[in-house]
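Worksheet: the structure to be examined is printed underneath.
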Amino acid sequence: MTYFILIRRWLLCSIFLLPMLSAPSLAAVNGEITFFSNRVDLVTNGSYARWVKEFQIQYPQARVQVQGITDYEVAMPKRFEARNYGDVMLVPRDMPKQTYPKYFLPLNGLQLQDKIYFADNWEYQGKHYAYTQGVIAEGLVYNKRVFKAAGLDKPPATLDELFTIAATLKATGKVPIALNLGAAWPLQQWDKAVMGAAGDGNYFANMVNDAQPFRAGKPYYQSLKIAHDLFTKGYSEEDFILNNWELSKHDFIANKTAMLFLGNWVIPQLMESGMRSEDIGFIPFPFDNSGKPRAILNFDWGMAVSRYSKHPDTAKAWIEFIITKSNFADIAGFIPTDKSRRSPMAQLTQYMSYQPEIIQAAPESNDFIRLANKAGMDFMSGGYIRNILLSPDFEGSMAYWNKRWRQAKENF
């Protein structure tokens, strides 16, 4: 079952509006809830077990079961269809907002709107149905040891420098950058890079008015061309079939791979696996040759409460706890959602030292999500991008996606 098919079913379902729930009281927080998380690593390393214990100290009558879901984007649509998506879950990126009331409860009663970043991202008709579990700085993570061994004394400041450095690294026998074609989902970075190329965090909302968004010179073309050139020039991993996500991190730590284009959340994962913080660099990705850095500040998955939960107050209290009371953001590698908190990550200091132009990602509009689904783009999932990178005819691929987008608009 793909998101595309499921979205069509979502849109055919009737919408049920529910009253806003007030902030949970201590007595109301009881019973057992299940949270489906995409962070399998934090389940495996015991972090979630610790947060559950801390939560239960505050709410002794409550119990939380955390289940880590691998390939969240693929696995969860089936659970939504079967109403087996737990009490707290993450909202699919391509779910139309008008379907939120069918699946989730409003969170306005938590009164977090003015205290957190991206509070309005999952808002529909004045009600907030989810809050992000963390804020992400998108950028280029690089291995300082590999750079030094290759005689490189600084990271790339322009796109041309990126490719020159990649050629130098390849000549030393290193993998310049891990794209993770086999895993596919990390290729969502090239969807995000469109905002950097455009210099516009609200680009996707405006894209619905463009009949040819993949034409040469357009932000999508620019972003995908960078990824395609990195792949076709042999600057990425050789294996593009198997899901080597975990291996890509291991190879980075083992000085076999030099760069990763990801969010700052990956840095704690590298450190937890044994890499020293001082060996990890992090800079804004050089989208062009202007030399003017642009920093994309993005939102991670939004946490929501199921409208079918038997213990909604407990589910809401869990979301509030994760955002405002736990150190989830620090351990997970996020900038805290709570505006009053600060990240201790040293690499963010380096990142901001470039004084980049801040591009704050806006939530995708309903029209964009519907058009992307109708065109067959698995937006922010990476599958269609992998097909583009594997195609020997990049220009033909761009023409194909322009056609798909135009047809979707004509039938919108």
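A few points about this structure:
- Residues whose placed amide H lies under 5 Å from that of HIS128, excluding near-sequence neighbours: LEU107, ASN108
- Computed extension gain for ASN366 through ALA49, at 0.36 nm per residue and net of the alpha carbon distance, reaches 110.5 nm.
- Extents of the range 124-269, taken as max minus min of Cα coordinates on every principal axis and listed largest first, are 54, 35, 32 Å.
- Cα gyration tensor of the range 370-412 - equivalent ellipsoid semi-axes, whole Å, descending: 19, 13, 4
- For ASN243, neighbours were defined as the other residues whose beta-carbon sits under 12 Å from its Cβ, and their charges (Lys and Arg +1, Asp and Glu -1) total -3.
- Remark: the range 351-359, residue by residue, has Karplus-estimated 3J(HN,Hα) of 4, 6, 5, 7, 6, x, 5, 8, 10 Hz, where x stands for each Gly or Pro and the curve is 6.51 cos²θ - 1.76 cosθ + 1.60 at θ = phi - 60°.
- Taking θ as phi - 60° and the Karplus parameters 6.51, -1.76 and 1.60, the scalar couplings of the range 95-111 work out to 7, x, 5, 5, 8, 3, x, 6, 10, 10, 9, x, 10, 3, x, 6, 6 Hz in sequence order, x denoting glycine and proline.
- Dimensions in Å of the range 16-133 - Rg and Dmax from alpha carbons: 14.9, 39
- Share of pairwise Cα-Cα distances greater than 31 Å in the chain is 38 percent (whole percent).
- Using θ = phi - 60° in the Karplus curve 6.51 cos²θ - 1.76 cosθ + 1.60, the 3J(HN,Hα) couplings for the range 191-207 round to 5, 5, 4, 4, 5, x, 5, 7, x, 8, x, 9, 4, 5, 5, 7, 5 Hz; x is entered for Gly and Pro.
- Total formal charge among the other residues, if their Cβ is under 11 angstrom from that of SER381, Lys/Arg +1 and Asp/Glu -1: -3
- Amide H contacts of VAL64 (H built 1.01 Å from N, under 5 Å, at least 5 apart or other chain): ILE33
- Cα gyration tensor of the range 317-412 - equivalent ellipsoid semi-axes, whole Å, descending: 37, 19, 13
- Taking amide H as placed 1.01 Å from N in the peptide plane, ALA295 has its amide H under 5 Å from the amide H of GLU357, ILE358, ILE359, each at least 5 places away in sequence or on another chain.
- Label point at LEU390 placed 7 Å out along Cα→Cβ; residues across the range 223-242 whose backbone nitrogen lies under 11 Å: 240-242
- Relative contact order of the chain, defined on C-alpha pairs under 8 angstrom at six or more residues apart (%): 26
Values quoted throughout were computed directly from the atomic coordinates according to the rules given, and no laboratory measurement underlies them. What you see is a predicted model; the values in this text were computed from it and never measured. We place every Cβ from the backbone using ideal geometry, glycine too, and count neighbours over all the protein chains shown.
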